[in-house]
Amino acid sequence: MNSLLKRTLISSVLFGLSFYVVAQEAIDITKQAMKPGAEPPTWVSLSGFTGETESILRFDLYVQGFNFTNSDNAQYQIVGSNNGNLQGRVTDRYNKSTLLSKAYSGASLIQQAHLFVDEFVTAIGRKGIAQTKIAFKKDTGANSEIYVADFDGFGAQAVTADNTIVAAPTWVPGRLALYYTSYKLGNPDIFFHDLSTGQRRVFSRYSGLNTAAAVSSSGRVAMILSKGGSPDVYDCNADGSGLLRLTATREDESSPCWSADGEWICYATKVNGRRELQKVRATGGAPERVSTPGVLSPSEPDWSPDGKWIAFTSQMRDFEICVVPADGRGQVTELVAGEDPSWSANSRTLVFTRREGGRRVLSLLDVPTKQYKDVSRITGSNSQPSWAK
Amino acid sequence: MKAIRFTTLIALGAALSFVTAGCHPERLKKIPGQTMTAPEVPSMPPIQATMPVTPESTNMGMIELPEFPGHSNWVENAEALKGDTIHFAFDSSVVRSADKSKVAAVADYLKSNPQAAVRVEGNCDERGTEEYNRSLGERRALAGREELVRLGIDAGRVDTLSYGEDKPVDTGHNENAWKQNRRDDFIVLTPPGK
């Protein structure tokens, strides 16, 4: 065999092998399950940015599982400037390639910074969340109102001025619209509010309790009604038709949420005096227990958009944010003290409420790394956050 | 295993980088060092001012409205039965036997005031999550209602309303406050104009 042929053969084999190895690697990456609370941060370095722009970039990155180091130790080196407009370049230190290099214009520097982070996380195969909004309940003394803000707290504004208790906001997927519970008409009723027009209307006003609306990807609404003599889980279409009673117990069901495919509704209930999570088909049927081994008093479940996880609040002595695999075949991971978890579209960052003395503070938690940061731009006492998806 | 694979990857040199680029087609378009100009960043859609909820929009309820609210425009009197507020154990919606005489007093009031109705308002302490407490408060109100019905009061004369943990009588963060907050208040309702 001459040496040229030999080289060609070896090259072909290597080339084929490299395909195999890379394919294996790719499969591993897509199959790799998130490890709640057990993953290291992704190290990045940041240089050239200043002032508010820099703090926005740091905030956006930190709550998505990145942390900061010098450029020699960073996996991704981020350099740029923010003189008037934002320019940024991300270099992958491992293969010395430029991952992203862009100059932005338009909107505000803040929005440019958010978009830059979104394009970076998208380039490494994650889903961007830096341009999303949250809704929440703000305490106003004896009463509360619903507010919305960018996920990092910018632009917080009231969307209700009902001068009564308003609570439990939830977004309609893909729309600038909310459902929430208002006592404006003397009873806890569910309102639908289209934020793009300012129009709102009463959605559910049965006698007794109407609360805790949650909207499926197809727009069907789950909620808690007590019109049947006890708080139970119901669901109906967005036009109110097809109302189904899904539970019929003498217990106090609460906080329904949807599976990503809209097939199941998970909620909190009590069985023989012990609180647990259950799920029931949205079309009705026998409820099934959602196993949360080793955890007392689970409530407030929220199903991740990728369908894989259920976040919830446990209450041993204080509140704890927990996640459990939605397929029921895994352990509960307790993450940080807090309550009211709501997933973002990336299925890894949660917004939740922390209690600090008498005050309630909204905070963002990256589930794999357990890194969290308060949304400190939102002042006062706030709770029940819902992250738009 | 992973480390071995990574070493293999590096050893594969040029062939590898070609394949890697193939896995990330967007990289092929970018020349390292050259900055692309992004399209204008769009502004976020504005949130419009909230329109008032008019009687018309209230009647636009997408769910057909049931007979409720039976007593929504009735006159409230929170004082008449103030002494008959009942309290609950932590995380419980069972009317305690010590409180049954108070519910009996409410029933007696309704019997001697046949025009009146009552709203049982269920409340919780701040322990327990918010929507859990809104459901628990409703169960507490319903427990008061069930007790009144057992004492011979027509169920149609008893409304229930849960405030969850949103209407504490004591805003402290201690057992004494919590004890006061886990309660049913009885609000007398009389027909308008009487």
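What follows is calculated from the coordinates using simple rules that are stated; it is not laboratory data. Here the structure is a predicted model, which is why all the values come from computation and not from measurement. Reconstructed Cβ throughout: ideal geometry from the backbone, glycine too, with neighbour counts over all protein chains shown.
Starting from segment B:90-167, pick out the trypsin sites (Lys or Arg not before Pro) whose DSSP state is loop and whose Cβ has at most 15 other Cβ atoms within 10 Å. Present the calculation step by step, with values, prior to reporting the outcome.
On the way: sites: B:Arg96, B:Lys100, B:Lys102, B:Lys111, B:Arg119, B:Arg127, B:Arg134, B:Arg139, B:Arg140, B:Arg145, B:Arg150, B:Arg157; in loops: B:Arg96, B:Arg127.
Filter output for segment B:90-167: B:Arg96.
Sum -39500 (n - 2.57) across every DSSP H segment of at least 4 residues in chain A, then divide by the residue count to get the 222 nm mean residue ellipticity, nearest 500. Intermediate results must be reported in sequence, preceding the final value.
On the way: 3 runs with 56 residues, N = 389.
Rounded to the nearest 500, it is -5000 deg cm²/dmol.
Quick one: B:Asp99, A:Asp152, B:Asp108, B:Asp184, fewest Cβ neighbours within 10 Å first, how do they rank? Please report the intermediate quantities before stating the final value.
On the way: B:Asp99 19, A:Asp152 22, B:Asp108 13, B:Asp184 28.
Listed from fewest to most nearby Cβ atoms, that is B:Asp108, B:Asp99, A:Asp152, B:Asp184.
Roughly how many Å is it from the Cα centre of segment A:210-240 to that of segment A:74-129, as a whole number?
41
At R0 = 45 Å, how high is the FRET efficiency between B:Ala78 and A:Glu39 if r is their beta carbon distance? Nearest 0.05 is fine. Display every interim value, and only then the final one.
Values: r = 54 Å, r/R0 = 1.20.
With a Förster radius of 45 Å, E is 0.25.
Quick one: order A:Ile321, B:Ile47, A:Ile110 by neighbouring beta-carbon count within 10 Å, fewest to most. Walk me through the numbers on the way to the answer.
Numbers: A:Ile321 29, B:Ile47 16, A:Ile110 19.
The most exposed by this proxy come first: B:Ile47, A:Ile110, A:Ile321.
For segment A:42-123, calculate the relative contact order in percent as a whole number, restricting contacts to Cα pairs under 8 Å that are 6 or more residues apart. Display every interim value, and only then the final one.
On the way: 141 pairs, mean separation 23.5, N = 82.
Dividing the mean separation by the residue count of segment A:42-123 yields 29 percent.
Take the alpha-carbon centre of segment A:241-310, take the same for segment B:73-150, and report the distance between them in whole Å.
Between the Cα centres of segment A:241-310 and segment B:73-150 lies a distance of 28 Å.
Taking Cα pairs under 8 Å and at least six residues apart, what relative contact order does segment B:82-156 come out at, in percent? Present the calculation step by step, with values, prior to reporting the outcome.
On the way: 67 pairs, mean separation 25.6, N = 75.
Contact order relative to length: 34 percent.
Within 10 Å of each candidate Cβ there may be at most 12 other Cβ atoms; applying that plus a DSSP loop requirement, which trypsin sites (Lys or Arg not before Pro) in segment A:74-121 survive?
Details: sites: A:Arg89, A:Arg93, A:Lys96, A:Lys102; in loops: A:Arg93, A:Lys96.
Passing sites in segment A:74-121 are A:Lys96.
Hydropathy at least -1.0 by Kyte-Doolittle, axial extent at least 30 angstrom from the Cα trace: which helices of chain A, defined as entire DSSP H runs, fit?
Working: long enough: A:3-31 (41 Å, 0.87).
Long hydrophobic helices here: A:3-31.
Only loop residues by DSSP count here, and only those with at most 12 other Cβ atoms within 10 Å; note down the trypsin sites (Lys or Arg not before Pro) in segment A:239-325 that meet that.
Filter output for segment A:239-325: A:Arg317.
Of A:Ile78, A:Ile224, how do they rank once you tally other Cβ atoms within 10 Å and put the fewest first? Please list the in-between numbers first.
Working: A:Ile78 25, A:Ile224 31.
Result, fewest neighbours first: A:Ile78, A:Ile224.
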